[in-house]
4 protein chains.
Amino acid sequence: MKNTFGSSVSVTLFGESHGPEIGAVIDGLAPGLPVDEAFVSAQLALRRPAGKISTARREADAFRIISGVFEGKTTGTPFTVLIPNADTRSADYARSAFRPGHADYTAHVKYHGFEDYRGGGHFSGRITAALVAAGAVVIPALKRKGILIGTHVARCAGIDDAAFGNLAVDLPRLNVLPFAVLDEAQGRKMQAAIEAAAAEGDSVGGILESAVTGLPSGVGEPWFDTLEGLLAHALFSVPAVKGVEFGSGFALADLRGSEANDPLRNGPEGIRTLTNHNGGINGGISNGMPLLFRCVVKPTPSIAKDQLSVNGETGEEETLRIRGRHDPAIVHRARVVVDSVTALTLCDLLAQRYGTDWLGEDDA
Amino acid sequence: MKNTFGSSVSVTLFGESHGPEIGAVIDGLAPGLPVDEAFVSAQLALRRPAGKISTARREADAFRIISGVFEGKTTGTPFTVLIPNADTRSADYARSAFRPGHADYTAHVKYHGFEDYRGGGHFSGRITAALVAAGAVVIPALKRKGILIGTHVARCAGIDDAAFGNLAVDLPRLNVLPFAVLDEAQGRKMQAAIEAAAAEGDSVGGILESAVTGLPSGVGEPWFDTLEGLLAHALFSVPAVKGVEFGSGFALADLRGSEANDPLRNGPEGIRTLTNHNGGINGGISNGMPLLFRCVVKPTPSIAKDQLSVNGETGEEETLRIRGRHDPAIVHRARVVVDSVTALTLCDLLAQRYGTDWLGEDDA
Amino acid sequence: MKNTFGSSVSVTLFGESHGPEIGAVIDGLAPGLPVDEAFVSAQLALRRPAGKISTARREADAFRIISGVFEGKTTGTPFTVLIPNADTRSADYARSAFRPGHADYTAHVKYHGFEDYRGGGHFSGRITAALVAAGAVVIPALKRKGILIGTHVARCAGIDDAAFGNLAVDLPRLNVLPFAVLDEAQGRKMQAAIEAAAAEGDSVGGILESAVTGLPSGVGEPWFDTLEGLLAHALFSVPAVKGVEFGSGFALADLRGSEANDPLRNGPEGIRTLTNHNGGINGGISNGMPLLFRCVVKPTPSIAKDQLSVNGETGEEETLRIRGRHDPAIVHRARVVVDSVTALTLCDLLAQRYGTDWLGEDDA
Amino acid sequence: MKNTFGSSVSVTLFGESHGPEIGAVIDGLAPGLPVDEAFVSAQLALRRPAGKISTARREADAFRIISGVFEGKTTGTPFTVLIPNADTRSADYARSAFRPGHADYTAHVKYHGFEDYRGGGHFSGRITAALVAAGAVVIPALKRKGILIGTHVARCAGIDDAAFGNLAVDLPRLNVLPFAVLDEAQGRKMQAAIEAAAAEGDSVGGILESAVTGLPSGVGEPWFDTLEGLLAHALFSVPAVKGVEFGSGFALADLRGSEANDPLRNGPEGIRTLTNHNGGINGGISNGMPLLFRCVVKPTPSIAKDQLSVNGETGEEETLRIRGRHDPAIVHRARVVVDSVTALTLCDLLAQRYGTDWLGEDDA
């Protein structure tokens, strides 16, 4: 399905960095979900660049919802949101040598030179604004069902954030922070490191750690459409994500079964595990514990340093110096994108399990 | 689509650990692929348990191909392979307390107690035999197109294998090894560590590292159906895989853009990169470099130690001691499963890009 | 998805006329559906040829359910049924000139000569036995939910059956008749006409008319996945079906809006329409009235007369005289196939709307 | 997938009759297709109401392509077209009793009262403008590959058009006619009959007959994704279509096999059939002959006569007199919608068979 993801609830993305508008269609939304435009704006603001640690490109993100909402609530028919691209400076992006670490070369091969190369075209991180707007419609609906999603910058430029503590406290707090860390002092160090890299014309990467609480047990499938598989499928669409791990993830390689198995207990909330090395998932299916996963975000490929590359027109090797406006780090901005694709993926799985209307309200 | 994966080429898995037969259907295969039953057997042998480091369950894996092959070649219509379950001892698996780290509890919630719990039922690693048989039909076809896939046990029980060297040498060599490592001495240490864990009634995990050479550039999609996303979706179906990373993966968090960007060169093979931190993928699309990815395999959850758990019938907490036959490690057996799902996923993407018949031969 | 149909509940078909076994996998079935093997046998018997009006090929249809059922009930994991092909006489089916009206030529083009041509291979009506077995698992489950499906031979060889009367009486009666007509005298005339055609080495066609009662309103989608579109998609898989119409169908061309619009009334059963020209569907969505649709079944293409054709090996034109065993009509046998694909399609739509478990029972 | 159709090439529809804009996204288009905006306008003009035989609603259909086109050609990434709704008069459409023959009631049930009821909302025929715009991008691309599509009003208000003659002449001629008939005199009679019905506040239906020439043989699948099944699935999305038949369709019920089988010949164009009762399809797969199919279009449900209905707010039965602007017939306007969905469906099947790039041009 290419640029569409999901079965019962699906999202389709379209647009280019320098086109007039980008957007998303969500199909299969339950009818009757209140659409809070202020929350959509707030989520878009979290994704928007800000301060010295981001690109100078400034977009108002004056989104327009053009279908699927009537009298402030979703209708159940396709929801479409458009976001205009206002601050485009195409002259900055004349067709140059392929930018290393970007999709310029692969797009050129795949699309035979017909691709809109300006600012990365359809591959631009700009498109994630539409994902965030789409996610902002379902995040409050999941919250009404008791399902909370949150993400922090667990590591950036070699600096670690604190570990998750009480998720009921951590997640709401993280969700409104512009630079989402649990330990503010560590966050300041990360931002200083980003600025330092920027000053050198370079960029840094990081790790995002996410948690979801309140997800019912029994969601996901044994083969192929495992909860891990579907989430990872979606998360690898977040630009620059190159790895996804659940629970203790790669650290499980060095544990023994007697350490990694999460013992089961039957308490007041029902059956739960004492530890959560499996990240809330066994056999591809949610077990009622918090979902825990981590995504690595590579350093932004756009840097202001000389790089070796090849000119797509001539095939000649040349030294490339990227101009234009760039982010010295995107891990902190990718955070809200991760939350959004997580929310959309969970809505799909919940709709598959409980039906079309489960997420919605009572009759109008 | 649940237990089916793929769009142009899809695979459907069925069966239970203690049912009469397990199997797989591949739909969308190119017509005219030679089916080498000896190779199917050889691949199944690589997955089968052997020696002290595996379960004592022994299956002959006497597969039968019941559709989609005529006069030794695929017909283009659905290919079905069945593998009988011969050595089942259901008495070993009476409904007990939920086994920690297994899907017993999540299956119970999802299927409301109707699940076939014997030996893990549909969740059993046994089902991967059908995946391996399915993969064994397409691996030789990819090879004829110059696409080679191979995997080694990069780490097990805290012991590292050597790094990939010359893939043209490494991959064919790995593909016939029962315990696939590049450094045999390290492999012997790993096996000793597995035996030591087994002697304690415990189990160990590890990391599989895979490479694919010869994949054309231009395969994959910018959003959602990225090459990373689709491979990860499939790889998380390999039981016990809890993390997937591409290229330098989680290590990218600590690199700078100037290090992580792979410089482009135009050489005799066409445009290639000098390094491969991106694992052969940019913007979700193959770039002509080797695909590189790693999967973490958690320690086998079946261990011969007392564990805390809950009885599904009574809801009582109890101490569980799992009996029956178990693997102290599965990372080495999972290797051929990883190769198989990789092969099936790539066939799908190649068929989407180049059409139904690309993988096949000329007319009969 | 080719040989797979359905989203939440999907069915995959495999096998060839002269292979060892044919079969079907249903994925996404609710857990806890009782599987009545006697009913599966009874449905298969309705599809099986019998008497002078059918092919002399006799299959015991000794099906085996090899996955997805435990202690007599569906588990919720993939359900697989296999049916052996016992009475195959491949010598009857040496590769001959392409049989007119069959798929021989199109299969040859599509599969480049690699197709299993024996008895039509994967295109054979024989494969519908697997569809019937699959349908026989869900028809009783729908019935428990108050949803009844039934079909009669509305026309055959130019002879009309009576019209539907009281569906609550008609449907159960039809469902056990070997030659399903409402007016037995007309049915005898039809059978005599079939025998007369057979005596001339020829074949006849007909029209099947189906009704579904008890389907909840609100099932189906406005665009693309309309109830008509999905049912038609599935029904055109019934071999020889070349047209599908809903409600008054093609007769609507000659009605005025004031005649074709079904007036709405609010009675004891809720809102219903006075007439049913729309066949229970408005805007692609069920309206609570009985679904009504008709399928035309072309005359069996296998006839015992000389026909002009082309030899696939030589490209020469030649006169073909088909030998082997054939049906002078299949409309009466196709009836149970129509019911089966209807049932499977409705299960999918109901699972999409109400969730995975709706069709199932309470907990085990 | 609900409001999305297609696998390799998919189309997603969104928008409501009285929303700001409607639109469509096509994903999977080959890169390098020239986009002829004048042709898009011309196709939209064929769909637009005109003269006394159509609604008085007048839309300029000033479409905007906002993604997927660069320098006049498709890029291969999602193509999005928006069409503003300019001439909306929502006051005409206050929530009234459910209009008989419309989707008002079924939408109300499905969406629990949250539907945008104004002018039929997402169910409005207005949405087909987006389908026509989408189709207008691929129709010229198919033509460059030698594939021509055309449709005539074969019957309207009881008046028959002439039969297809030489398709190479008929199809191009039909494609530019505002009222597409082969026999102009019959067309004038039809229009007079439509005007007469309109004068009585009533509406009429009809039959559209379509032909496709130049489609390669070997396109379509044996089960489920048959060429008939996929086309019918799409065609039933054209509002008011209630029946689809291929080749001789329902008339096959009364033919014998010896009449209905199309004899094969091997001529200068390759293997063809002498007759075309099967409408260019055998076993679900194209056979190289023209595709032939017919759709019945019911009389427009909006009529200016008193009708019995039920008020959705109160549940009371009442007499409804629809006001606003309506079409006394839509069969002539639906023609270009049928061509568009046919073109989109064929593009998908061709891309599945021959790969992503087949429809496109050489490199830029």
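Figures for the structure shown
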quantity	calculated
Residue count for region A:258-273, restricted to those that are facing another protein chain (nearest Cβ under 7 Å) and of a type outside the set (Asp, Glu)	8
Matching residues, region A:203-257, being part of a loop (DSSP other than H, G, I, E, B), under 25 Å from residue A:128 (Cβ atoms), facing chain B (nearest Cβ under 7 Å) and in contact (Cβ under 8 Å) with a residue 24 or more places away in the chain	A:203, A:205, A:225, A:226, A:237
Breaking point among (1) part of a helix (DSSP H, G or I); (2) within 16 Å of the chain's Cα centre (by Cα), for residue C:152	(1)
Restricting region D:303-340 to residues that are more than 24 Å from residue D:181 (Cβ to Cβ) and of a type in the set (Ser, Thr, Tyr), the residue that is modelled with the lowest pLDDT	D:314
In region D:212-223, residue nearest to residue D:148 (Cα to Cα) [restricted to those that are in contact with a Ser or Thr (Cβ under 8 Å, 6 or more places away or on another chain) and surrounded by fewer than 24 Cβ atoms within 10 Å (Cβ to Cβ)]	D:216
Tally, over region B:18-42, of residues that are under 20 Å from the mean Cα position of the chain (by Cα), buried (at least 24 other Cβ atoms within 10 Å of the Cβ) and not in a strand (DSSP E or B)	1
Filter pass, residue D:276 being part of a loop (DSSP other than H, G, I, E, B), out of contact with any helix residue (DSSP H, G or I) (no Cβ under 9 Å at 6 or more places or on another chain) and not aromatic (Phe, Trp, Tyr)	yes
Selection status of residue B:357, more than 12 Å from chain A (Cβ to nearest Cβ), buried (at least 24 other Cβ atoms within 10 Å of the Cβ) and not hydroxyl-bearing (Ser, Thr, Tyr)	no
Residues (of a type in the set (Gly, Ala, Ser), more than 10 Å from every other protein chain (Cβ to nearest Cβ) and within 27 Å of residue D:190 (Cα to Cα)) located in region D:137-168	D:150, D:162, D:163, D:165, D:168
Region B:93-137 - residue that is without any contact (Cβ under 8 Å) to a residue 60 or more places away in the chain and β-branched (Val, Ile, Thr) and, of those, farthest from residue B:36 (Cα to Cα)	B:109
Failed item, numbered, when residue C:297 is tested on (1) within 15 Å of the chain's Cα centre (by Cα); (2) of a type outside the set (Asp, Glu); (3) within 18 Å of residue D:299 (Cβ to Cβ)	(3)
Those residues of region B:296-306 which are of a type in the set (Ser, Thr, Tyr) and facing chain A (nearest Cβ under 7 Å), in sequence order	B:300
Members of region B:307-354 that are within 10 Å of chain A (Cβ to nearest Cβ), surrounded by 24 or more Cβ atoms within 10 Å (Cβ to Cβ) and part of a helix (DSSP H, G or I)	B:331, B:341, B:352
Meets criteria (among the basic types (Lys, Arg) and either at pLDDT 95 or above or out of contact with any Ser or Thr (no Cβ under 9 Å at 6 or more places or on another chain) (or both)) for residue D:2	no
Set D:145, D:110: member being over 21 Å from the mean Cα position of the chain (by Cα) and closer than 21 Å to residue D:231 by Cβ	D:145
Filtered residues of region A:279-295 (kept if part of a strand (DSSP E or B), at the interface with another protein chain (Cβ under 7 Å from one of its Cβ atoms) and within 26 Å of residue B:154 (Cβ to Cβ))	A:282
Qualifying residue in region D:81-102 (condition: part of a helix (DSSP H, G or I), surrounded by 22 or more Cβ atoms within 10 Å (Cβ to Cβ) and not aromatic (Phe, Trp, Tyr))	no
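The values are calculated or read from the model by the stated rules, or taken from the named source; none is laboratory data. What you see is a predicted model, and the numbers here were worked out from it, not measured in a lab. For neighbour counting, all protein chains shown are included, and Cβ atoms are generated from backbone atoms with ideal geometry for every residue, glycine included.
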